[in-house]
Amino acid sequence: MSKVRVRFAPSPTGGLHLGGVRTVLYNYLFAKKQGGDFVVRIEDTDQTRFVEGAEQYIFNCLTWCGMEPDESPVTGGPYAPYRQSERKELYRQYAEQLIRDGFAYYAFDTPEELEKMRNDFKTAENPSPQYDGKVRMQMKNSLTLPADDVKKLLDQNTRHVVRIKMTANETISFTDIIHHEVSFDSSLVDDKVLLKADGMPTYHLAVVVDDYLMKITHAFRGEEWLSSAPVHVLLWKYLFGLEHMPQWAHLPLIMGPSGKLSKRDGATYGFPVFAMNWIDPKSNELTEGFKEKGFLPEAFINLLAVLGWNDGSEQEMYSMDELIAHFSLDRVHAAGAKFDYEKAKWFNHEWIKKLPVTNYQQRVKEIFESKNVTVTDDKYFAKVLVLVKERCTLLTDFYDQAIFFFVQPANYDEASVKPKWDNEKQDFFTALITGYNAISDWNLISIETEFKNLATEKNIKLGELQMILRVMLVGSKMGPGVFVIEETIGKTETVNRIEKALTIFSLF
Ligand code: GLU
């Protein structure tokens, strides 16, 4: 058997949707499991859809997700170039081969003539007629014009396209790994353009030619391409023989709260849809990504993998290596999988807990720095992250959960303290400052013993005192154990904070 070769073939037209990343992931897992090659080919033949920066963005997303291609326009490889616009010249010969063999034809119709055709053939049942077997013999193409005229038009460089001549009443079937036997009635498919007037191939021709030339063995893509499959199958048959055709898998759609998950759902429901932040270069509109929202790549990959796939066990958490070991396409459900943001966050929370903080410390540091908090001591920072990681669902949560380890509270939850504040508490905290100042070995045991002894001596309930102490240190009632906080921020800082809060609370 020939070596497994899969490809991810994005058109660089904008942000990378999570469905797109799942397509990459399933390709990648399959290839790595089989010891095969993962190829990235940029399908940029539609110049009208070219978007500045979109290709680089795709590679940045792949790097973030940890799915580096074996061959791509960036890494190169034996089948270079991997950008279709750079392969432009090689497609024409295949279009001409199809014409010679009677499977395609030149079409010279002008936009006005096409418009007229759509008007003339419009009926109630068929409101938008296509260029197909029913109309082609009434159009201006190499099937209807005498050969001499065709030659003349071509010699004069008359604008033209090449169209596939779809067969009539043929059942086109193929086996899809996920959908099994799939059949199409060829009469329902139009004569798709294969080569455009600008000499560029369309996606249909380029995808087939390149999958052939790049020796792709398996082609996995989104289900939205299923309706194009009959054209591709015919092109395979006409150009290269079906035995060279890759095995197809059309991956089910990812569903949002209302139908197919869309970028708009993200804005409506407040969750990311793209892998990373995407800024539309024309409108400057920013669409937030999973990365910037505070997701770990481990969690993002994990949640995408199980969106429509399971290995038959109860396991939910998988590292990339485990996925490579467990993944199989025959366990991908054919029905669309519903994206659940709450579940997505659950995965992130679990991965935050599971991974050592060193794994994401740098990213959290950047979040702090973006809020003008300078982290000078990386060891201290790591220690703090360990203390609060259980409480964080997104990496961005670390800021709120840990900021008080770096700066004194600006405000206090006075509503909680006021009803409990009295002279006894005032005395207690005044005495506590003296007690703390006298501690020479500042550690969990010495701090806690001092605090509890003083409470017993003054006969005050521990719970109320601890709540007040927490508000003094943190500003609110959140955070890990109060004594742990005191130990971490150190004696001087602890005493400072109690003193500062005391001046405010004593006015109650
Ligand atoms: N260029 C197509 C896209 O943008 C690729 C479809 C395929 O994988 O065949 O999704």
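Just so you know, all these numbers are worked out from the coordinates, no wet-lab data involved. What you see is a predicted model; the values in this text were computed from it and never measured. No Cβ is skipped: glycine too gets one built from the backbone with ideal geometry, and neighbour counts run over all protein chains shown.
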Under the rule rounded for a/c under 1.5, else prolate if a/b exceeds b/c, else oblate, using alpha carbon gyration tensor axes a ≥ b ≥ c, region 352-507 is classed as prolate
Of Lys32/Lys263; Lys88/Lys215; Lys165/Lys237; Lys343/Lys389, those spanning more than 23 Å from alpha-carbon to alpha-carbon: Lys32/Lys263
Would you mind classifying region 460-508 by shape? Square roots of the alpha carbon gyration tensor eigenvalues, ordered a ≥ b ≥ c; an a/c under 1.5 is rounded, otherwise it is prolate if a/b is larger than b/c and oblate if not. oblate
Rounded to the nearest 10 degrees, the helix 54-65 long axis (Cα) sits at an angle to the longest Cα principal axis of the chain of 50 degrees
Convert each backbone phi in region 43-50 into a coupling constant with the Karplus relation 6.51 cos²θ - 1.76 cosθ + 1.60 (shift: θ = phi - 60°), then list the ³J(HN,Hα) values in order as whole Hz, x for Gly and Pro. 9, 10, 7, 8, 5, 6, 9, 4
How do Ile178, Ile279 line up, fewest other C-beta atoms within 10 Å first? Ile279, Ile178
Taking placed amide H atoms and a strict 5 Å upper bound, the residues 5 or more places from Met255 or on another chain that come that close are Leu261, Ala337, Lys338, Phe339
If each K or R counts +1 and each D or E counts -1, the residues other than Gln97 whose Cβ falls under 14 Å of its Cβ total +2
Assuming a ≥ b ≥ c are the square roots of the Cα gyration tensor eigenvalues, decide whether region 163-218 counts as rounded (a/c under 1.5), prolate (otherwise, with a/b larger than b/c) or oblate. oblate
3J(HN,Hα) from dihedral phi, region 93-102, Karplus parametrisation 6.51/-1.76/1.60, rounded to Hz, x for glycine, proline: 4, 6, 5, 5, 4, 5, 5, 4, 7, x
Peptides 215-224, 284-293, 119-128, 166-175 ordered by average Cβ neighbours within 10 Å, highest first: 215-224, 284-293, 166-175, 119-128
Percent of Cα-Cα pairs more than 22 Å apart in region 86-173, please. 35 percent
Taking +1 at the Cβ of each Lys and Arg and -1 at the Cβ of each Asp and Glu, which of Val21, Gln47, Gln34 sits farthest along the dipole of region 1-53 towards its positive end, judged by Cα position relative to the Cα centre? Gln34
